[in-house]
Amino acid sequence: MRRPGWAGLFVLFAFVVVFAVEFHTLLGMLGVEVAAQVYFPAAAAAVIALFAAIMLFTDDEADEDGDAQAATS
Amino acid sequence: MSSGTESDVSPDVWDGEIEREIGHDEYDPVGTLGLIAIYFVIIALLWVFMYFVEFLGRGPTVV
Amino acid sequence: MGLFVDEHPDEAFIVRAALMSSFIALLVGGLMGTIQALHRTGFVQVIDNSTYYTVLTLHGVSLVILFAIFFLVGFFQWAITDSLGRGAVDPRLTKAWYGLMTLGSLMAGIAILGGFTDITSMSADVLFTFYAPLEAHPLFYAGLAVFIVGTWLAGVDWFRSWWLWRKANPGERTPLRTFMVLTTMLMWYLATTGVAIAVIFFLLPWSLGLVDSVNALLTRTLFWFFGHPVVYFWLMPVYMMWYVILPKLAGGRLFSDPLARIVFVLFLVLSVPTGIHHQYLDPGIAEGFKFLAMSNTMFLLLPSLLTAFTVVASIEHGARQRGGTGYFRWLTALPWNKPAFTGMALAGLMFAAAGFSGMVNAGMNLNYLVHNTMWVVGHFHLTVGTAVALTFMAVTYWFLPEITGNSVFSERLGLVQVVTWFVGMVLMANAMHRVGLGGEPRRTADPFYEGVTFDTALGSIGELHLQIALGGLLLTVSLLLFMAHVFLTWFDVASRPAPKPETLPPALSGPEHAPAVLGNLRLWTGIAIALIVLTYTLPIAAIVSGNGLFGNAGVLAWGVETLVSLTAGVVG
Amino acid sequence: MQIHRYEKLWFGVSLLLIVGFIATITYGAVGAGIQMVGDEGGTVDPGEIGDYEIRDGTTFSDIQEPQATHVEGDSYEVAVSSQQFIFNPGTSEPIQVPENSEVTIYTSSPDVIHGIKLPGTNVNTMVIPGEMTKITVEFDEPAEYGIVCNEFCGAGHETMAGNLEVVPEDEWEGDA
């Protein structure tokens, strides 16, 4: 798999952070109450793990649209 | 850079960023239709939740 | 064709001046927001509770009146000049309206700032809505009036350009951008009559001591006559950016020009007769009038829902021209590295969410649940605070080179800025909606009361307050990044001239497909006026016949009352 | 005019959505019986709220007591002056109503615009000088509610709050 350009990764990161925070609410709505002191550290670890995986398991090439190059202009 | 009414455009308009030009008749916005359908389902469900659970489900209410 | 700044240097000067005023207001108003986010959540309280309301007034007026309107008049000046390909008819008029708007801002601003100091008794701690009988210094009302007259003259200026263009180009369709400016300004003329009457005939004479009292419900109703359509005054330029600039950035073309015109006509016709939906819980207005306002409001969803489709379809067109494929995979083919594109796309996404809370606000009896709670504050931080503000900031990255001749300092920094705004606002606005459902009131310095608890369905109030404060801090970081970025670009710190001028591609379905009646501005304005008369005559007649034009102590009340009840009799 | 068929479809769905919203609200008004605050309360001189006639022989100040006044059956009424920066009654001692009652609340303001919200409930209304707000609320279960002013009314607004108690029938000391 090709890794998205840095811009793509950054926007993805924003969505992941937002989703991680709001997922706590969603769990609550589904009746799963997790204490904030437990949930947020766990969520942070999961986000870090996700991005570590993306960096490790994707090719070090910008995607075909050349986002990474274009962004440096 | 005024917007004309001609329907052909030079691809230079997009600074060489596009691969091919697509005209009106050869384009069906299927992705848009999909996204907007998801949006419709979300707001319809949220509306029902807000009105019948959050609002009518709590009391006291003005009668 | 060259850059706008080379083609039309005089107009570019006014555009820059308007944007400069706008950004100063953004900085001031934004920093006030930081103070509030930390104060009302109880984390950092550097001001007194009583000063909070001065801060809140400055926040509201700076952002929604000064930031938004200065930006949009600058943008409209560009849109008119560029799409008609001709400069202002009389540059003196252009300078005059900008001068009046600035003068009005300074007058109102000084009155508000007076609230911070004891040196003067002058103050205007009345918030953005200035509901009488809360009283501001006369300078505040006078400043608002001068500012609004300035915007009226701006509209005259643009109409004159159009009239001359039409003489030179008989039979041609009005360019889309000009059409959008003209419909927006017509809507604005209708909307501002309400606030102009409230300020000039009632509030100003009352604050000067010429009359003893005001009819509080009347001035409040006149405020909302203006107060709802004003949100479309902020939003319509945003729609213009989404329709004409965003598709280009995405690598595509506007899907349908006629549909864009229909949307703007719908806004012209429906924007004003909806204001009573801010007064669903007001005594003195009968339920039937509220229901009518709700129906108008609900149908006003139509142009926004249509816009959602057209704009997303235009973006998808761009993604596919860039080589995107699949049902949703084309989303990854979009130019996410451009802050102008990403900012506008995220703003649009947030507006979709705001659409939902707006639908709830519009639901007449549902208003009992959310009226005047933090829910409403969450809602308008998604609309004006993101759909409008983030789009304006994003478009600045595209727009500054055109009007200054300098390249944007760093696209990368720009991307960080718009994304930070997005994350900060998701956290803050979402938490605001949720504490609002728990019943926490808006517009208060300190929502902690003895013997009153707010139960949120999910998550504790403390956790949500933390989200509000954190979101507010992220927004502050984003704001400062933006200001720094504008400064660095404006003064060309990187010493790079602008890239070649931008060309906006025409729509896939061009204006030649639009029925001619769409261009009949007289007809649509006439229909808009008829709807306003239908919606507002009876409620206003009832309010005036109840308490007189000036409240109980008004000397003229009796005579006018008779007159109005006669009129009401004839109309009814 | 060229309009893509997907767009026509979305136009239809949008109209359906709008009609659905209006239908829901209408159901709330007619089916669930939720009334809007209206003009039933009429107008009042802000300087003389106490003299407002609730009905022949009963004025606003006659029923401006912490304990709701019994009218007939399960209907009660209470008058509240919403003023800078208290609810009278409500702030210094809680308003009391019995459970399973329908309470008509009369309120107006002698000074500026205020708002009343009972957090956690759907009781929420504006109070405007010159107008008499009249709303009827059903209180079924015994409970304690807060009352907060939810419209900015001047420096001190954040202190404007009170309480309302729904008292169990066997502890109710007023008329029944």
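The values are calculated or read from the model by the stated rules, or taken from the named source; none is laboratory data. Bear in mind that the values here come from a model prediction, so they are computed numbers and not experimental data. Neighbour counts run over all protein chains shown; Cβ positions are idealised from the backbone, glycine included. Surface accessibility is based on the protein's heavy atoms, side chains included, excluding ligands, DNA and RNA. Shrake-Rupley method; radii C 1.70, N 1.55, O 1.52, S 1.80 Å.
Taking the inverse of the mean 1/r over every pair of distinct Cα atoms in the protein assembly as shown gives a Kirkwood hydrodynamic radius of 28.5 Å.
Taking N as the number of residues in segment D:122-176, what is its Cα Rg relative to 2.2 N^0.38 Å? The value comes to 1.42. Karplus-based coupling profile of segment C:23-31, in residue order and whole Hz: 6, 4, 4, 5, 5, 4, x, x, 5, with θ = phi - 60° in 6.51 cos²θ - 1.76 cosθ + 1.60 and x standing for Gly or Pro.
For the residue pairs C:338/C:500; C:248/D:8; C:290/D:134, the alpha carbons lie more than 21 Å apart in C:248/D:8. Relative contact order of chain C, taken over Cα pairs closer than 8 Å and 6 or more residues apart, is 18 percent.
Amide H contacts for residue D:71 (H built 1.01 Å from N in the peptide plane; partners 5 or more residues away or on another chain; cut-off under 5 Å): D:76, D:77.
Across segment C:297-348, the relative contact order, built from alpha-carbon pairs under 8 Å that are at least six residues apart, equals 20 percent. Counted over chain D, the DSSP beta bridges are approximately 70% antiparallel. Averaged per residue, chain C has 31 square angstrom of accessible surface, using a 1.4 angstrom probe with ligands and nucleic acids left out. Whose amide H sits under 5 Å from the amide H of residue D:80, counting only residues 5 or more places off or on another chain, with H placed in the peptide plane? Distant-sequence amide H within range of residue D:80: D:106, D:107, D:108.
Spherically averaged projected area of the convex hull of Cα atoms, chain D: 14.5 nm². For residue C:254, the amide hydrogen comes within under 5 Å of the amide hydrogens of C:508, counting only partners 5 or more places away or on other chains and with H modelled in the peptide plane.
Per-residue mean of foreign Cβ neighbours for B:48-55 is 6 (Cβ atoms of other chains, 10 Å radius). Each Lys and Arg adds +1 at its Cβ and each Asp and Glu adds -1 at its Cβ; summed about the Cα centre, chain C shows a dipole of about 1420 debye. Taking the DSSP beta bridges with both ends in the protein assembly as shown, the antiparallel portion is around 65 percent.
Equivalent-ellipsoid semi-axes for chain C (Cα gyration tensor, √(5λ), whole Å, largest first): 36, 29, 24. Across segment C:277-283, rounded Karplus estimates of 3J(HN,Hα) from the backbone phi angles (6.51 cos²θ - 1.76 cosθ + 1.60, θ = phi - 60°) give 5, 7, 10, 3, 9, 7, x Hz, Gly and Pro being marked x.
Between segment C:3-40 and segment D:67-99, the alpha-carbon centres lie 50 Å apart. Each residue of segment C:380-396 was assigned a 3J(HN,Hα) from its phi angle through the Karplus curve 6.51 cos²θ - 1.76 cosθ + 1.60 (θ = phi - 60°); the sequence is 7, 6, 7, 7, 6, x, 10, 3, 7, 5, 5, 5, 4, 5, 5, 5, 4 Hz, with glycine and proline shown as x. Taking every residue in D:20-30 and counting other chain Cβ atoms within 10 Å of its Cβ, the average works out to 6.
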